[in-house]
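Inspection log for the structure reproduced underneath, given as structure tokens.
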Amino acid sequence: MCNNCNSDEMINNFVDEEIDLSPLKPVIEKYGQVKGSLINILQATQDIYGYLPLRALNYVADNTPNKKSTIYGVATFYTQFRLKPIGKFLILQCQGTACHVNGSKEVSQAICEELKIKPGDTTTDGLFTIEDVNCLGCCSLAPVMMINGEAYGNLTPSEAVNIIRNLAKEADK
């Protein structure tokens, strides 16, 4: 955890932009004074904004008994929390054993080349974010990726790229 949560090192982990904090008010009303509810609050915050904006975390600190250092520590410790905005399409590329053995690295490489990003990044147009994950639980479909909750399995690199291109075309309409 940080010793000085106003330090540039800690603050630089988060995106600081103007956001509407009003959607957080019901979350704080429900969980704000409930001991041990910080993860629930952060999950709800991420559901609202798609990630954990710095201003939302500061609002949580100002309106709950949680210290900034605790909030920032939890937000940066757990991989379920995103510290920057994601694209319209979140691509989860499975890198589990079954997928790895069946070519997930090649599928991921083809997607990254097509989108000109690396895992963990978002395209400049804000359309796609790709993340490598340990397992999607769809081993019989290996290699598999999930886009906004929909699984695409038995992929080849070219099939994955075609799916990405079709989603981009649909987004342009």
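Some values worked out for this structure:
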read-out: Elements of type strands (runs of 3 or more DSSP E) contained in the stretch 61-157, each with 2 or more residues being hydrophobic (A, V, I, L, M, F, W, C); value: 89-94, 128-133, 145-147
read-out: Residue match in the stretch 14-33 (condition: touching a residue at least 60 places away in the same chain (Cβ under 8 Å) and in contact with a Cys (Cβ under 7 Å, 6 or more places away or on another chain)); value: no
read-out: Subset tally (residues that are more than 17 Å from the chain's Cα centre (by Cα) and not small (G, A, S)) for the stretch 116-169; value: 20
read-out: Candidates A75, A142 - the one that is in contact with a Leu (Cβ under 6 Å, 6 or more places away or on another chain) and surrounded by 19 or more Cβ atoms within 10 Å (Cβ to Cβ); value: A75
read-out: Residue in the stretch 89-104 that is touching a Ser or Thr at 6+ places or on another chain (Cβ under 6 Å), aliphatic (A, V, I, L, M), surrounded by 17 or more Cβ atoms within 10 Å (Cβ to Cβ) and closer than 30 Å to E159 by Cα present; value: yes
read-out: The one condition in (1) under 22 Å from T129 (Cβ atoms); (2) modelled with pLDDT under 90; (3) buried (at least 19 other Cβ atoms within 10 Å of the Cβ) that N13 fails to fulfil; value: (3)
read-out: Residue in the stretch 77-84 that is under 17 Å from the mean Cα position of the chain (by Cα) and touching a residue at least 40 places away in the same chain (Cβ under 8 Å) present; value: yes
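The values are calculated or read from the model by the stated rules, or taken from the named source; none is laboratory data. Bear in mind that the values here come from a model prediction, so they are computed numbers and not experimental data. Because the Cβ atoms are built from the backbone with ideal geometry, glycine has one as well, and the counts that use them run over all protein chains shown.
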